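Reading through the structure tokens given below for one structure.
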Amino acid sequence: LSRHGFTMVEVRIVVAVMSVLASLAVPYFQPNAVAQLKSTAEVVASDIAFARSMAISRGSEYTLTFDVKNNAYVLTHTGTQIAFDNLPASPFHYDDIATERSTRLSELPAWGAPAQIAAIHAQPDAGSPTAVTTVAFDSLGATTRSETTIVWLKIGQGTSFRCIAIEVDPITGLETIGEVTNTIPASIASLN
């Protein structure tokens, strides 16, 4: 009578090989914090560009107000023409208030912990940066302040900490996403 099956040694060898293969594959399926940070920066930059385009197309003022503590920002019409207070509907925002478009970074699709707003500041050509909470655009698409506005995003802690800056030019109102770095300048980090 012959028996067909596996011995305990054969089963252990198969389990060991599968474990090694799984440990090699796991890093490819884990979230990439840098990619997540860049993706979040694209969302924020897109919302900045949208605020600017609303200001230009409607010939009025629109403001993004950042809330670092709650990791969110809100777009509102801040011009004098109340006819523009209601914002157009968006498939990406589900606000109950027609006059505000809120974005909470913690609610964006994420693989792990979400990116966070680290700081927002105005950077003059000469002198020290100052903490601000808004980016406002006039009817020509310029910002309402004469300094460059910079929004810093961060993700991770310790050795996995990464950050990225989004600069808003005061004259053109155009946004530029910087490179991912592992430090926020001390003069900026101390503002919050």
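With respect to Pro114, is the statement that it is surrounded by 14 or more Cβ atoms within 10 Å (Cβ to Cβ), within 14 Å of the chain's Cα centre (by Cα) and part of a loop (DSSP other than H, G, I, E, B) true? I'd like the intermediate steps shown before the answer.
Working: surrounded by 14 or more Cβ atoms within 10 Å (Cβ to Cβ): yes; within 14 Å of the chain's Cα centre (by Cα): yes; part of a loop (DSSP other than H, G, I, E, B): yes.
It is true that Pro114 is surrounded by 14 or more Cβ atoms within 10 Å (Cβ to Cβ), within 14 Å of the chain's Cα centre (by Cα) and part of a loop (DSSP other than H, G, I, E, B).
Would you be able to tell me the number of residues in the range 40-85 that are assigned to a strand (DSSP E or B), open to solvent by less than 50 Å² (accessible area, probe 1.4 Å) and not aromatic (Phe, Trp, Tyr)?
Total satisfying the criteria: 7.
Find the residue count for the range 130-157, including only residues that are open to solvent by less than 30 Å² (accessible area, probe 1.4 Å) and in contact with a Lys or Arg (Cβ under 8 Å, 6 or more places away or on another chain).
Here the count works out to 5.
Condition first: at pLDDT 95 or above, outside any loop (DSSP other than H, G, I, E, B) and open to solvent by less than 60 Å² (accessible area, probe 1.4 Å). Now tell me which residues in the range 170-188 satisfy that.
Glu175, Ile177
Output the residues belonging to the range 134-192 that are under 26 Å from Leu108 (Cα atoms) and polar (S, T, N, Q).
Correct list: Thr134, Thr149, Gln157, Thr159, Ser160, Thr176, Thr181, Asn182, Thr183, Asn192.
Would you point out the residue of the range 125-143, among those that are outside any loop (DSSP other than H, G, I, E, B) and small (Gly, Ala, Ser), that is nearest to Thr172 (Cα to Cα)?
Quick first cut of the range 125-143, residues outside any loop (DSSP other than H, G, I, E, B) only: 130-131, 134-137, 143.
After this cut, where a residue has to be small (Gly, Ala, Ser) as well, the list is 131, 136.
Details: Ala131: 21, Ala136: 12 Å.
Per the criteria, the residue is Ala136.
The values are calculated or read from the model by the stated rules, or taken from the named source; none is laboratory data. Here the structure is a predicted model, which means the values were calculated and not measured. Neighbour counts run over all protein chains shown; Cβ positions are idealised from the backbone, glycine included. Note: accessible area is taken over every heavy atom of the protein model, side chains too, but ligands, DNA and RNA are not part of it. Shrake-Rupley method; radii C 1.70, N 1.55, O 1.52, S 1.80 Å.
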